Structure formats: C-alpha cells, structure tokens
Amino acid sequence: MRPTGGKDLPFRPKEWARAAEETGRTPMPILSNLRVDGTLVLRVVGRFDYRAREQFLESYEHCDSEPCGFEVDLRDAEYLDSSALGLLLTLRDFAAAKGARVTLCNARPLVARTLAAAEFGQWFTVA
C-alpha cells in the first residue's frame, strides 16, 4: 500500500460496512497519508491487533518518499492488544534508524490507558 497525498482521509463507517458486506472482506484498518511537511500519518481504524500486522508494516516500509517523521493517529482505534504495542515499537525502531521520531496522538480513553499502562510515554511522544 502506498500513502496517499493530500488531505486527511475521511472515515465513513456506513460505506465501509456496506463494502465489507458486499465483498465479504473487512475494510483496511490502516490508512496512510504523507503530509506536505514530510510526516507520514498512519491512521488506525477499529481493533489494532495481530490481524493488522501486515498492513501496518506495509504502510510505512513501502512508502515512496522518505518521511521525516511518523504520526500514529489513534482517534478511530477501539482497542490495542500486545501485538499492536509490539508493532508500535517496531515502527519506533524503524523511525530511529532513519533519524525520525514517532508521535502517538488522539487516543480514546481505553487506548490511552493501554498506552499509559505499557509506559509508552517513555519511548514515544504521546499527544
């Protein structure tokens, strides 16, 4: 998957539900967008667990441009499990190797509690 340029992608749950029903597949839970400032925004939708692993890794490993930073937007994430926490640490290591930073932002209360319990504020900027 290649990041899309331009504005933030809209989240339309009714359209996604209809597409899932018609195709029998779950819509992609990771949306990516390369902002003008060079930050790659990864927007997590729904449950962030092991099933999102391949899509999450592809969303930043196969980016056409070299991002200067990463932002994981968790506004639509309903749940994180331990494998998702591991994926975030993998992204942090990937970014550090390129001299970039990772920011986690817009977490819902349940997701924010999970990040706090795992002490992710030590390794990430949490906004």
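The values are calculated or read from the model by the stated rules, or taken from the named source; none is laboratory data. What you see is a predicted model; the values in this text were computed from it and never measured. Cβ coordinates were reconstructed from backbone atoms using ideal geometry, including for glycine residues, and neighbour counts include every protein chain displayed.
Can you confirm whether A118 is of a type outside the set (V, I, T) and in contact (Cβ under 8 Å) with a residue 24 or more places away in the chain?
Yes, satisfied.
For residues that are small (G, A, S) and surrounded by fewer than 15 Cβ atoms within 10 Å (Cβ to Cβ), tally how many sit in the stretch 66-82.
The number of residues fulfilling the criteria is 1.
Given the criteria surrounded by fewer than 21 Cβ atoms within 10 Å (Cβ to Cβ) and more than 18 Å from S59 (Cβ to Cβ), does G86 qualify?
So G86 fails the test.
Those residues that are surrounded by 16 or more Cβ atoms within 10 Å (Cβ to Cβ) and either in contact with a helix residue (DSSP H, G or I) (Cβ under 8 Å, 6 or more places away or on another chain) or not in a helix (DSSP H, G or I) (or both), I need them from the stretch 104-122; list them, please.
Result: L104, N106, A107, T114, L115, F120.
State the number of residues belonging to the stretch 52-95 that are in contact with a strand residue (DSSP E or B) (Cβ under 9 Å, 6 or more places away or on another chain), of a type in the set (D, E) and at pLDDT 95 or above.
The number of residues fulfilling the criteria is 2.
Residue by residue through the stretch 33-49, note down the ones that are within 11 Å of L80 (Cβ to Cβ) and surrounded by fewer than 17 Cβ atoms within 10 Å (Cβ to Cβ).
R47, D49 - these are the residues of the stretch 33-49 that are within 11 Å of L80 (Cβ to Cβ) and surrounded by fewer than 17 Cβ atoms within 10 Å (Cβ to Cβ).
Do we find a residue being under 27 Å from A117 (Cβ atoms) and either at pLDDT 75 or above or assigned to a strand (DSSP E or B) (or both) anywhere in the stretch 15-30?
yes
S59: surrounded by 15 or more Cβ atoms within 10 Å (Cβ to Cβ) and hydroxyl-bearing (S, T, Y), yes or no? Quick ask: steps written out before the conclusion?
On the way: surrounded by 15 or more Cβ atoms within 10 Å (Cβ to Cβ): yes; hydroxyl-bearing (S, T, Y): yes.
Criteria met by S59.
Return the residues of the stretch 38-59 that are closer than 18 Å to R92 by Cβ and either under 9 Å from the mean Cα position of the chain (by Cα) or charged (D, E, K, R) (or both); say none if nothing qualifies.
V41, L42, R43, V44, F48, R53, F56, E58, S59
Counting only residues that are part of a strand (DSSP E or B) and aliphatic (A, V, I, L, M), which one in the stretch 36-51 is modelled with the lowest pLDDT?
V45
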